[in-house]
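These notes are about the structure you will find just below.
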Amino acid sequence: MKRRLFSILGCLALAFVAFAFVSFAPVAAAHATATGGVSGVVVNGTHQNAHLAGQKVTLQRTNGNATQDIATTVTDGSGRFAFGNLPVDSSAMYAAYTTFQGGQFSSQTVKLDSDTPAALQLTVYDTTNDDANLRVSVATLLVRQPRPVNGLIGIGEIVTIENTGATAFVGTLTGDASKPMRLLRFATPPNASALSLGIGFDGSQVVTTDKGFGSTATVPPGTTDFAFSIDIPYTGTAADLSFKPVYSATRVVVLVPLDMFVDGRDFAAQGVIESLGSRYQVFTVGNVAADKQDSLRLTGLPEAGEKSYLDARALTIFAIILALLALASLLLYLRRGNIATALGLIPATTPAGDGAVALLSNESDKFEAGEQQRLLNELLSLESAHAAGKLTEAEIKQRDRAIRQQLRTILASERPLIADVASKSRAAATEQPANAGDVSGVQAGDETREEAAPEQSKSSGGRR
């Protein structure tokens, strides 16, 4: 019985292990990082692409603007190399480079695929320090917007150097008496500043020369692009832009923003083109001999030294802010009712102001004055009737008491609605002491008349 029980438990355990392996193994594989590889061969282009054995090769990865060396290997007897276990990243690019006879040579860039290894061909050439086979295929100068505060204009240059020979030119900092430094040379205006290097200068040294600057960069057979930027100063509202190639140039192109006026001089206008989302005036000159200078003049620039207030982008932002403020003000006044009433969006209402209080107070005063006068007239009529003997003593006292009570009620009445409205008006506030004086005066007069009334009655009775 125990053996049978252990056999059943053992089978269940094996089944659970098998289920776990089948169920979870694919999940683990799905979460594993995909890897790929790069392989290639190094050949010498000067010698009909002969394979180079024992050549050191470095793999370089570029992701965005970041570039780094990640692995190094040596070619086998057939000139082949390989790099494995590389993470597959759609945003990463890979390239291989090597150094041969003092020059640096690079392959094309590739993306990795986990299914198929990327294949590269890294071609090197025998090198020379002789620049006789070099010339400028095309040079493009891009004029940037001026910076009037500093009195500077930025110029970006892309120079395509063509090597018509079978060997690669490599610049060197050593040389002979005729050419102390055999460098790849670039001419810049004598007052240029803020040199910044771009493509083509990787791994090279750069030094200042009498006409511009020089580099130890490698120029293999074919065409190679070199990019750099400089600043040139200007005074007033104009600037002179010149180009003087060290090597003969087949074509020179200058791109100028549309808001600048240009005196072409040696350059011919070729219309307008659009590049990188902007429009530029195009000026060209062809077949420029080495050391020959061609120039053009830029006018209509902001005064050098003046503070630059608002450019197009700043003006757009400022306009948006003003529009938002105007909208907020409109909503605020619509909510308060001023503009809404003027536009007829809501009915107009007349608040109880000083004018309404004054009108109500005037009507109230007129009513009170009329009532007081009527009651005083009745008192006088009653005294006349008493003197004429038309009424008995009891009737006179009764009517006199009733009239005086009405008079006191009118004069002493609080009139809540009128008093509440009048309290909000400065005019009504100044009139209240005068009304109180009138009340006290009338009350005093009434008491005098009440005291005089019995004496008149007694004198009347004596005469009778």
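The values are calculated or read from the model by the stated rules, or taken from the named source; none is laboratory data. Worth saying up front: this structure is predicted, and the values here are computed from it rather than measured. Backbone-built Cβ (ideal geometry, glycine too); neighbour counts: all protein chains shown.
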Note to self: Just to be sure I understand, how many residues within the stretch 51-70 are of a type in the set (Gly, Ala, Ser) and at pLDDT below 95?
What the structure shows: 2
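Report the residue count in the stretch 198-220 for those that are of a type in the set (A, V, I, L, M, F, W, C), surrounded by 19 or more Cβ atoms within 10 Å (Cβ to Cβ) and part of a loop (DSSP other than H, G, I, E, B). Write out each step before concluding.
Within the stretch 198-220, the subset of a type in the set (A, V, I, L, M, F, W, C) is 199, 201, 206-207, 213, 217, 219.
Then keep just the ones that are surrounded by 19 or more Cβ atoms within 10 Å (Cβ to Cβ); that gives 213, 217, 219.
Those left that are additionally part of a loop (DSSP other than H, G, I, E, B): 217.
Residues in the stretch 198-220 being of a type in the set (A, V, I, L, M, F, W, C), surrounded by 19 or more Cβ atoms within 10 Å (Cβ to Cβ) and part of a loop (DSSP other than H, G, I, E, B): 1 in total.
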Item checked: Residues located in the stretch 60-87, provided they are of a type in the set (A, V, I, L, M) and more than 15 Å from Ala119 (Cα to Cα) -> Ala66, Ile70, Ala71, Val74
Margin query: When you check Asp113 against the structure, is it acidic (Asp, Glu), surrounded by fewer than 16 Cβ atoms within 10 Å (Cβ to Cβ), part of a strand (DSSP E or B) and not assigned by TED's automatic domain parsing to the domain that holds Arg182, yes or no?
Written below: no
Item checked: Exclusive hit being free of Cβ contacts under 8 Å to residues at least 40 places away in the same chain, in the same structural domain as Tyr280 (by TED's automatic domain parsing) and charged (D, E, K, R), set Asp225, Asp210 -> Asp210
Check: Do any residues in the stretch 103-124 that are touching a residue at least 60 places away in the same chain (Cβ under 8 Å) and farther than 14 Å from Gly79 by Cα have Cβ atoms under 8 Å from those of residues that are surrounded by fewer than 13 Cβ atoms within 10 Å (Cβ to Cβ) and of a type in the set (Ser, Thr, Tyr), where the two are at least six apart or on different chains, and which pairs are they?
Finding: Ser114/Thr35
Notebook entry, point to check: When Asn133 is evaluated against the numbered criteria (1) in contact (Cβ under 8 Å) with a residue 40 or more places away in the chain; (2) closer than 21 Å to Thr223 by Cβ; (3) surrounded by 15 or more Cβ atoms within 10 Å (Cβ to Cβ), which criterion, by number, is the only one it fails?
Noted result: (1)
Notebook entry, point to check: Just checking, how many residues over the stretch 223-271 are surrounded by fewer than 14 Cβ atoms within 10 Å (Cβ to Cβ), among the charged types (D, E, K, R) and not in a strand (DSSP E or B)?
Noted result: 1
Notebook entry, point to check: Here are Gly214, Gly203: which of them is at pLDDT below 90 and closer than 29 Å to Thr67 by Cα?
Noted result: Gly203
Next item on the list: Run down Asn65, Asn44 and say which single residue is exposed (fewer than 14 other Cβ atoms within 10 Å of the Cβ) and outside the structural domain of Asp225 (by TED's automatic domain parsing).
Entry: Asn65
Checklist line | Odd one out for Ser196 among (1) touching a residue at least 40 places away in the same chain (Cβ under 8 Å); (2) of a type in the set (S, T, N, Q); (3) closer than 28 Å to Ala239 by Cα | finding: (1)
Next item on the list: With respect to Leu152, determine if the residue is surrounded by 14 or more Cβ atoms within 10 Å (Cβ to Cβ) and in contact with a Leu (Cβ under 6 Å, 6 or more places away or on another chain).
Entry: no
Next item on the list: Can you give me the number of residues within the stretch 365-381 that are of a type in the set (Gly, Ala, Ser) and modelled with pLDDT under 75?
Entry: 2
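Let's see how each residue does on (1) touching a Gly at 6+ places or on another chain (Cβ under 6 Å); (2) assigned by TED's automatic domain parsing to the domain that holds Pro146; (3) at pLDDT 90 or above:
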{"residue": "Gln270", "(1), (2), (3)": "no, yes, yes"}
{"residue": "Ser278", "(1), (2), (3)": "no, yes, no"}
{"residue": "Ile317", "(1), (2), (3)": "no, no, no"}
{"residue": "Ile320", "(1), (2), (3)": "no, no, yes"}
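One line per residue, one yes/no per condition, for (1) in the same structural domain as Ala290 (by TED's automatic domain parsing); (2) over 18 Å from Gly102 (Cα atoms); (3) of a type in the set (D, E, K, R); (4) over 39 Å from the mean Cα position of the chain (by Cα):
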| position | (1), (2), (3), (4) |
| --- | --- |
| Thr164 | yes, yes, no, yes |
| Thr172 | yes, no, no, yes |
| Met181 | yes, no, no, yes |
| Leu197 | yes, yes, no, no |
| Val206 | yes, no, no, no |
Note to self: I'm trying to understand the selection: among the residues of the stretch 79-107, which are more than 29 Å from Leu173 (Cβ to Cβ) and part of a loop (DSSP other than H, G, I, E, B)?
What the structure shows: Gly79, Val88, Asp89, Ser90, Ser91
